[in-house]
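Structure in structure tokens, see below.
The values are calculated or read from the model by the stated rules, or taken from the named source; none is laboratory data. Since we're looking at a predicted model, the values are computed, not measured. All Cβ positions, glycine included, derive from the backbone under ideal geometry; neighbour counts span all protein chains shown.
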């Protein structure tokens, strides 16, 4: 039992989260008009590899068949990779459903869950050329802090743009 306590203490320190970083919370019903966030899965994370736990949601209509309109991920923890380059929240909206502010509405729905995990501030990043994502960050009231280069040793460097806009949300 002592080893488990040491492991939990180590994970708390490494991920800088309140409580057990691998203890997921019930997100409850997350609905906004014609949008519902449906919990698809959770990922436990891996402290040795610096991977934080995640919630993965589908954006679906509130009633009827679960037509997936997009996805949202909430990453639990504070690592340099999350705060500087990946962000606590990641989202994508499928092309036929764009223009409905689904990403912004999804972000607003998820803030209470982020707060329940003790995330503050919350960081969202996006590519500088992604005008829609930058607009989403503005709509939810986040503040653009800076645009930073992605270092060559970060995993995003290999397949993404070489820069990230960092937006801060104070919870």
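Taking into account only those residues within region 1-27 that are under 17 Å from the mean Cα position of the chain (by Cα) and closer than 15 Å to residue 113 by Cβ, which is modelled with the highest pLDDT? Reasoning before the result, please.
Filtering region 1-27 for residues under 17 Å from the mean Cα position of the chain (by Cα) gives 15-18, 21-27.
Right, trim to closer than 15 Å to residue 113 by Cβ and you get 17-18, 21, 23-27.
Details: 17: 46, 18: 49, 21: 53, 23: 71, 24: 82, 25: 82, 26: 84, 27: 87.
Going through the qualifying residues, I end up with 27.
Next question, about the same structure. Suppose we keep only residues that are outside any loop (DSSP other than H, G, I, E, B) and at pLDDT 85 or above within region 47-69. Which one would you say is surrounded by the most Cβ atoms within 10 Å (Cβ to Cβ)? Walk me through it before giving the result.
First pass over region 47-69, keeping only residues outside any loop (DSSP other than H, G, I, E, B): 47-49, 51, 54-60.
With at pLDDT 85 or above added as a condition, the list becomes 51, 54-60.
Details: 51: 17, 54: 18, 55: 22, 56: 15, 57: 23, 58: 18, 59: 26, 60: 19.
Looking at residues that are outside any loop (DSSP other than H, G, I, E, B) and at pLDDT 85 or above, I get 59.
Still on this structure, please answer the following. Among what's in region 71-85 and is under 20 Å from residue 105 (Cα atoms) and surrounded by fewer than 22 Cβ atoms within 10 Å (Cβ to Cβ), pick the residue that is nearest to the chain's Cα centre (by Cα). Don't jump to the end; show me each part of the working.
Here is the first cut: in region 71-85, the ones under 20 Å from residue 105 (Cα atoms) are 71-76.
Then keep just the ones that are surrounded by fewer than 22 Cβ atoms within 10 Å (Cβ to Cβ); that gives 71, 73.
Values: 71: 10, 73: 5 Å.
Applying the filter and picking the extreme gives 73.
Look at residue 165 and say whether it is in a strand (DSSP E or B) and either modelled with pLDDT of 95 or more or more than 17 Å from the chain's Cα centre (by Cα) (or both).
Details: in a strand (DSSP E or B): yes; either modelled with pLDDT of 95 or more or more than 17 Å from the chain's Cα centre (by Cα) (or both): yes.
Judged against the criteria, residue 165 is a match.
Using beta carbons and a limit of 7 Å, which pairs, at least six apart or on different chains, have the first residue in region 95-114 and closer than 11 Å to residue 136 by Cα and the second one at pLDDT 95 or above and assigned to a helix (DSSP H, G or I)?
Qualifying pairs under 7 Å: 101/139; 103/136; 104/136; 104/139; 107/136.
For (1) exposed (fewer than 13 other Cβ atoms within 10 Å of the Cβ); (2) in contact with a strand residue (DSSP E or B) (Cβ under 7 Å, 6 or more places away or on another chain), each residue gets a yes or a no:
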site	(1), (2)
109	no, yes
121	no, yes
146	yes, yes
159	yes, no
167	no, yes
170	yes, no
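If I go through region 119-162 residue by residue, how many of them are outside any strand (DSSP E or B) and touching a helix residue (DSSP H, G or I) at 6+ places or on another chain (Cβ under 6 Å)?
The initial filter retains those residues of region 119-162 that are outside any strand (DSSP E or B), namely 119-121, 127-142, 150-162.
With touching a helix residue (DSSP H, G or I) at 6+ places or on another chain (Cβ under 6 Å) added as a condition, the list becomes 136, 139-140, 150, 154, 156.
Qualifying residue count, region 119-162: 6.
Given the criteria at pLDDT below 95 and part of a strand (DSSP E or B), does residue 41 qualify? Steps first, please.
Details: at pLDDT below 95: yes; part of a strand (DSSP E or B): yes.
Criteria met by residue 41.
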